[in-house]
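Undergrad: Next up is a structure, given as structure tokens.
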Amino acid sequence: MTRMLTVGAAQLGPIARQDSRRDVVERMIALIEKAAARGVGLVVFPELALTTFFPRWFMEDQAEVDAFFETSMPNADTQPLFDRARALKIGFSFGYGELVEEGGETHRYNTAILVDAAGNIVHRYRKIHLPGHSEHEPWRAFQHLEKRYFEPGMEPFSTCEAFGGVLSQAICNDRRWPETYREASLRGAEMLLIGYNTPVHYPLAPEHDHLQCFHNHLCMQAGAYANGIWVVGVAKAGKEEGCDLIGQSCIIAPTGEIVAMASTLGDELVVHDCDLDRCDEIRRNIFNFKLHRRPDMYPMLSAG
Ligand code: CDT
């Protein structure tokens with residue numbers, strides 16, 4: 001008996017600053033339709049999938065910033081995506097800027113949601129590792145102001161039972177941190193969905209620019225293998241408003257092998273039949289956590 005989940009990594013090409021949500025949702029629906037024709041059960045879209053990657057600009061006018069956020073989900077712009085996917089009995093995940101009133105205060109998060117085949121939001125994740133800076137740094141070719149526009153998520157990594165397995169979500173910079181995969185795996189996740197926007201140019205260490213694609217796969221493949229978990233990494237790619245974003249969206253098996261990968265920097269779907277039971281090949285053997293792991297020997301891992 002196998003538990004097969006056919007997954008589509010739905011890479012998006014660049015989104016211009018003036019592109020409307022409707023424009024983007026149309027592109028997402030086209031990918032959903034392609035996925036349905038290929039028997040996909042779950043389509044994974046990138047981080048901040050509905051707009052351009054707006055943290056690259058310094059903005060002082062909060063109204064201008066808030067125009068990139070969603071105050072409800074689904075909303076009038078995204079409802080057609082929810083409707084089409086439900087009609088095709090296909091689930092999906094995507095990232096967006098979430099503006100929410102909680103406890104009498106306004107909060108802004110870099111959020112991803114998972115929607116099941118019936119159109120229900122079954123999981124929500126708010127990005128925990130926010131990279132970049134909070135003040136204008138004009139010396140940079142472009143800004144990375146996630147620390148200015150978002151608060152870090154305050155809910156630990158979590159899982160949900162859906163699509164016949166246990167799934168978890170993370171966002172972009174989270175994929176570079178081994179703790180992300182370990183926490184998900186310890187909680188029983190069998191598949192981790194990760195959307196990203198990663199510029200080729202890293203202003204703080206430009207000598208690493210040629211390593212961006214290598215580091216992208218290095219961290220996700222290592223995370224998959226060391227935790228016996230499927231990883232679906234999905235880019236917003238290509239030259240977006242003059243900024244080059246890496247592609248290489250991929251599906252990674254619990255053995256660490258890349259089993260499907262995008263070959264363009266545009267809208268592209270890659271598909272793989274993921275056997276969720278393959279997590280056990282790793283978790284019953286080399287990384288049998290119960291048998292071999294020594295958490296009491298790693299006290300610094302949980303130290304602040
Ligand atoms: N979106 C996001 O988290 N991007 C970062 C870019 C490098 S840090 C400025 C990433 O980790 O890919």
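The values are calculated or read from the model by the stated rules, or taken from the named source; none is laboratory data. Here the structure is a predicted model, which is why all the values come from computation and not from measurement. Because the Cβ atoms are built from the backbone with ideal geometry, glycine has one as well, and the counts that use them run over all protein chains shown. In case anyone asks, the SASA skips ligands and DNA or RNA and just uses the protein heavy atoms, side chains included. Shrake-Rupley method; radii C 1.70, N 1.55, O 1.52, S 1.80 Å.
Undergrad: Would you confirm, using the coordinates I've provided, whether Glu60 is closer than 25 Å to His123 by Cβ, among the acidic types (Asp, Glu) and at pLDDT 95 or above?
TA: Details: closer than 25 Å to His123 by Cβ: no; among the acidic types (Asp, Glu): yes; at pLDDT 95 or above: yes.
Answer is no for this residue.
Undergrad: Among what's in region 1-43 and is free of Cβ contacts under 8 Å to residues at least 60 places away in the same chain and among the polar types (S, T, N, Q), pick the residue that is farthest from Ala85 (Cα to Cα).
TA: By that ranking, first place goes to Gln18.
Undergrad: Consider Glu155 carefully, then state whether it is open to solvent by 50 Å² or more (accessible area, probe 1.4 Å), charged (D, E, K, R) and either within 16 Å of the ligand (Cβ to nearest atom) or not in a loop (DSSP other than H, G, I, E, B) (or both).
TA: no
Undergrad: Just to be sure before I move on: is Val270 away from the ligand (no atom under 12 Å from the Cβ), surrounded by fewer than 24 Cβ atoms within 10 Å (Cβ to Cβ) and not aromatic (Phe, Trp, Tyr) in the structure I sent? First the steps, then the outcome.
TA: On the way: away from the ligand (no atom under 12 Å from the Cβ): yes; surrounded by fewer than 24 Cβ atoms within 10 Å (Cβ to Cβ): yes; not aromatic (Phe, Trp, Tyr): yes.
Considered against the rule, which asks whether it is away from the ligand (no atom under 12 Å from the Cβ), surrounded by fewer than 24 Cβ atoms within 10 Å (Cβ to Cβ) and not aromatic (Phe, Trp, Tyr), Val270 comes out as yes.
Undergrad: Here's a check for you: in region 101-123, which residue that is closer than 18 Å to Ala170 by Cα and open to solvent by less than 30 Å² (accessible area, probe 1.4 Å) is nearest to the ligand (Cβ to nearest atom)?
TA: Asn110
Undergrad: Got a sec? Which strands (runs of 3 or more DSSP E) wholly within region 232-287 have at least 1 residues that are farther than 14 Å from Leu192 by Cα and of a type in the set (Lys, Arg)?
TA: Once the strands (runs of 3 or more DSSP E) in region 232-287 are filtered for at least 1 residues that are farther than 14 Å from Leu192 by Cα and of a type in the set (Lys, Arg), what remains is 238-240.
Undergrad: From the list Glu98, Glu47, which one is within 16 Å of the ligand (Cβ to nearest atom) and in a strand (DSSP E or B)?
TA: Numbers: Glu47 fails: in a strand (DSSP E or B).
After ruling out the rest, the residue left standing is Glu98.
Undergrad: Hey, among Arg175, Arg126, which residue is without any contact (Cβ under 8 Å) to a residue 40 or more places away in the chain, within 16 Å of the ligand (Cβ to nearest atom) and surrounded by 18 or more Cβ atoms within 10 Å (Cβ to Cβ)? Quick ask: steps written out before the conclusion?
TA: Working: Arg175 fails: without any contact (Cβ under 8 Å) to a residue 40 or more places away in the chain.
Within the list Arg175, Arg126, the selection yields Arg126.
Undergrad: Follow-up question, since we're still on this one. If I filter region 220-238 for residues that are within 11 Å of the ligand (Cβ to nearest atom), more than 19 Å from the chain's Cα centre (by Cα) and open to solvent by less than 30 Å² (accessible area, probe 1.4 Å), do I get at least one hit?
TA: Within region 220-238, not a single residue is within 11 Å of the ligand (Cβ to nearest atom), more than 19 Å from the chain's Cα centre (by Cα) and open to solvent by less than 30 Å² (accessible area, probe 1.4 Å).
Undergrad: Right, something else. For region 59-82, does any single residue satisfy the condition of being over 23 Å from Arg27 (Cβ atoms), in contact (Cβ under 8 Å) with a residue 24 or more places away in the chain and not in a loop (DSSP other than H, G, I, E, B)?
TA: yes
Undergrad: List the number of the failed condition for Thr180; all other conditions in (1) away from the ligand (no atom under 12 Å from the Cβ); (2) among the hydroxyl-bearing types (Ser, Thr, Tyr); (3) closer than 22 Å to Glu257 by Cβ hold.
TA: Among (1) away from the ligand (no atom under 12 Å from the Cβ); (2) among the hydroxyl-bearing types (Ser, Thr, Tyr); (3) closer than 22 Å to Glu257 by Cβ, Thr180 violates only (1).
Undergrad: Hey, another quick one. Restricting region 28-80 to residues that are crowded, with 18+ Cβ neighbours inside 10 Å and charged (D, E, K, R), which is farthest from Ala170 (Cα to Cα)?
TA: Applying the filter and picking the extreme gives Arg56.
Undergrad: Looking at Val166, Val200, which is the one that is farther than 17 Å from Tyr96 by Cβ, β-branched (Val, Ile, Thr) and either within 15 Å of the ligand (Cβ to nearest atom) or open to solvent by 60 Å² or more (accessible area, probe 1.4 Å) (or both)?
TA: Values: Val166 fails: either within 15 Å of the ligand (Cβ to nearest atom) or open to solvent by 60 Å² or more (accessible area, probe 1.4 Å) (or both).
Result of the check over Val166, Val200: Val200.
Undergrad: Among (1) open to solvent by less than 20 Å² (accessible area, probe 1.4 Å); (2) under 19 Å from Val44 (Cβ atoms), there is one condition Asp275 misses while meeting the rest; what is its number?
TA: It fails just one condition, (1).
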